[in-house]
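Beneath this line is the structure, given in structure tokens, with notes to follow.
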Amino acid sequence: MRISLVGHHVDHPDEAVRKITYHLAEELARRHNVKPMNVWDVTSRRGIREFKPEIIHFVLSPTLQGLAVAKALSLAHRSAATVVSAPHPNLSSMGRLASWFKPDLVLVQAEDSERRFRSLGFRTEYLPNGVDTARFVPVDNSTKKHLREKYEIDTDKFVILHVGAVNRGRNLESLQRVQGGGVQVLILGRASERGDARLGAELRQSGCLVWTDYIASLEEIYALSDCYVFPTTHRRYCVEMPLSVLEAMSCNLPVVTTRFGALPRAFEEGGGFLFADAEDDLSRCLHAVNGDLETRTRDKVLSCSWDSVSIRLDRIYEEITQGRRP
């Protein structure tokens with residue numbers, strides 16, 4: 001199948017939507033003829049016209065403007081089915097005007113987002129984000145100890161990890177309340193974002209480790225940790241299925257998270273995966289995972305490997321193109 005994959009294509013993505021674009025391009029290219037196109041190049045229609053795609057797949061947030069661009073391109077290439085991934089939709093912009101720009105299909109994640117798109121007349125399918133289960137793997141205690149020494153982290157501490165931009169919208173202040181004693185909070189920000197310098201200083205002053213340098217071996221940071229915490233509640237600040245949560249689960253770390261976005265749809269509580277329904281639940285959940293709780297989070301996330309997600313996407317492509325074939 002010939003697929004034009006439109007998004008932000010970069011070699012070393014460190015932002016969620018770009019990571020999704022990168023991995024989808026990599027996986028789909030194993031079985032299809034894929035033409036990656038950067039979103040700012042979509043006005044150059046000649047390349048698409050010569051490629052003659054059967055699918056034009058946009059990986060966007062998306063916004064109303066993004067939907068309009070996708071619609072314009074679909075009108076210029078009517079023989080191709082237009083698919084839009086919506087891992088981080090701007091629902092506040094999805095008024096009735098959005099219904100004018102319907103693609104053939106929107107790939108959704110959170111249930112309330114799907115209801116919103118359907119109320120505007122969009123055809124939807126659920127497709128989770130993926131994770132590299134070969135890269136993010138569990139490690140033994142000896143390897144964990146070695147990595148603690150490599151990154152100069154106390155081997156006797158219970159290390160709680162969070163990966164993501166350092167800003168107040170992610171509710172990182174809540175992690176200060178669990179820092180101290182036998183607990184070490186480690187926050188890994190993104191080198192490509194300046195973040196909130198004042199918040200970073202406050203977190204460091206409370207004893208949290210805040211790293212914003214680029215770390216190529218991200219899997220090592222998960223491996224040296226004991227637990228992953230995702231405290232974010234506001235949908236503006238993360239994709240609806242956080243990639244960091246999937247990566248932590250793939251490493252078989254216990255995960256304590258809010259009921260954010262698509263997480264309650266994708267995963268049931270148990271086996272080291274716990275929902276903190278209120279801020280005062282955070283300490284309770286961390287106490288549980290620091291005990292004798294059996295962790296099976298990797299088993300829960302294996303169905304979200306990028307290979308499995310791309311095969312599921314193959315079936316979606318096949319269904320949507322069937323009606324277009326003579």
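Give me the residue from the stretch 211-222 that is open to solvent by 10 Å² or more (accessible area, probe 1.4 Å) and in contact with a helix residue (DSSP H, G or I) (Cβ under 7 Å, 6 or more places away or on another chain) and, out of that set, modelled with the highest pLDDT.
Of everything passing the filter in the stretch 211-222, 220 is modelled with the highest pLDDT.
So in the stretch 11-34, with the set limited to residues that are in a loop (DSSP other than H, G, I, E, B) and open to solvent by less than 50 Å² (accessible area, probe 1.4 Å), which one is farthest from residue 51 (Cα to Cα)?
The selected residue is 14.
Does residue 164 fit the bill of being under 21 Å from residue 17 (Cβ atoms), among the small types (Gly, Ala, Ser) and buried (at least 16 other Cβ atoms within 10 Å of the Cβ)?
When the stated conditions are applied, residue 164 passes them.
If residue 84 satisfies every condition in (1) touching a Pro at 6+ places or on another chain (Cβ under 6 Å); (2) over 30 Å from residue 260 (Cβ atoms); (3) buried (at least 19 other Cβ atoms within 10 Å of the Cβ) but one, which is the exception?
Unmet for residue 84, out of (1) touching a Pro at 6+ places or on another chain (Cβ under 6 Å); (2) over 30 Å from residue 260 (Cβ atoms); (3) buried (at least 19 other Cβ atoms within 10 Å of the Cβ): (2).
I need the full set of residues from the stretch 70-102 which are under 15 Å from residue 53 (Cα atoms) and part of a loop (DSSP other than H, G, I, E, B), in order please.
Once the filter is applied, which keeps residues that are under 15 Å from residue 53 (Cα atoms) and part of a loop (DSSP other than H, G, I, E, B), the stretch 70-102 yields 77, 78, 79, 80.
Assess whether residue 55 counts as being open to solvent by less than 40 Å² (accessible area, probe 1.4 Å) and either out of contact with any Gly (no Cβ under 9 Å at 6 or more places or on another chain) or polar (S, T, N, Q) (or both).
Here the answer is yes, as residue 55 does meet what is asked.
Go through the stretch 106-158 and give me each residue that's among the polar types (S, T, N, Q) and not in a loop (DSSP other than H, G, I, E, B).
113, 119, 124, 141, 142, 143, listed by residue number.
Give the stretch 115-133 a look and list any residue that's buried (at least 16 other Cβ atoms within 10 Å of the Cβ), over 17 Å from the mean Cα position of the chain (by Cα) and over 17 Å from residue 88 (Cα atoms), or say none.
Answer for the stretch 115-133, where residues must be buried (at least 16 other Cβ atoms within 10 Å of the Cβ), over 17 Å from the mean Cα position of the chain (by Cα) and over 17 Å from residue 88 (Cα atoms): just 120.
Tally the residues that are touching a helix residue (DSSP H, G or I) at 6+ places or on another chain (Cβ under 9 Å) and buried (at least 17 other Cβ atoms within 10 Å of the Cβ), restricting the search to the stretch 266-295.
Count: 10.
Tell me which of these residue 39 doesn't satisfy, since it passes every other one: (1) open to solvent by less than 50 Å² (accessible area, probe 1.4 Å); (2) touching a Pro at 6+ places or on another chain (Cβ under 9 Å).
(2)
State whether one or more residues within the stretch 71-79 are closer than 28 Å to residue 266 by Cα, open to solvent by 20 Å² or more (accessible area, probe 1.4 Å) and at pLDDT 85 or above.
Checked against the condition, which is being closer than 28 Å to residue 266 by Cα, open to solvent by 20 Å² or more (accessible area, probe 1.4 Å) and at pLDDT 85 or above, the stretch 71-79 yields no hits at all.
For the stretch 167-189, name all the residues that are in a helix (DSSP H, G or I) and open to solvent by 60 Å² or more (accessible area, probe 1.4 Å).
168, 177
Which numbered condition in (1) under 18 Å from residue 313 (Cβ atoms); (2) part of a strand (DSSP E or B); (3) at pLDDT 95 or above is the only one that residue 161 fails?
(1)
The values are calculated or read from the model by the stated rules, or taken from the named source; none is laboratory data. Owing to the predicted nature of the structure, the values given are computational and were not obtained by experimental measurement. Cβ atoms come from the backbone with ideal geometry, glycine included; neighbour counts cover every protein chain shown. Ligands, DNA and RNA are excluded from the accessible area calculation, which covers all protein heavy atoms including side chains. Shrake-Rupley method; radii C 1.70, N 1.55, O 1.52, S 1.80 Å.
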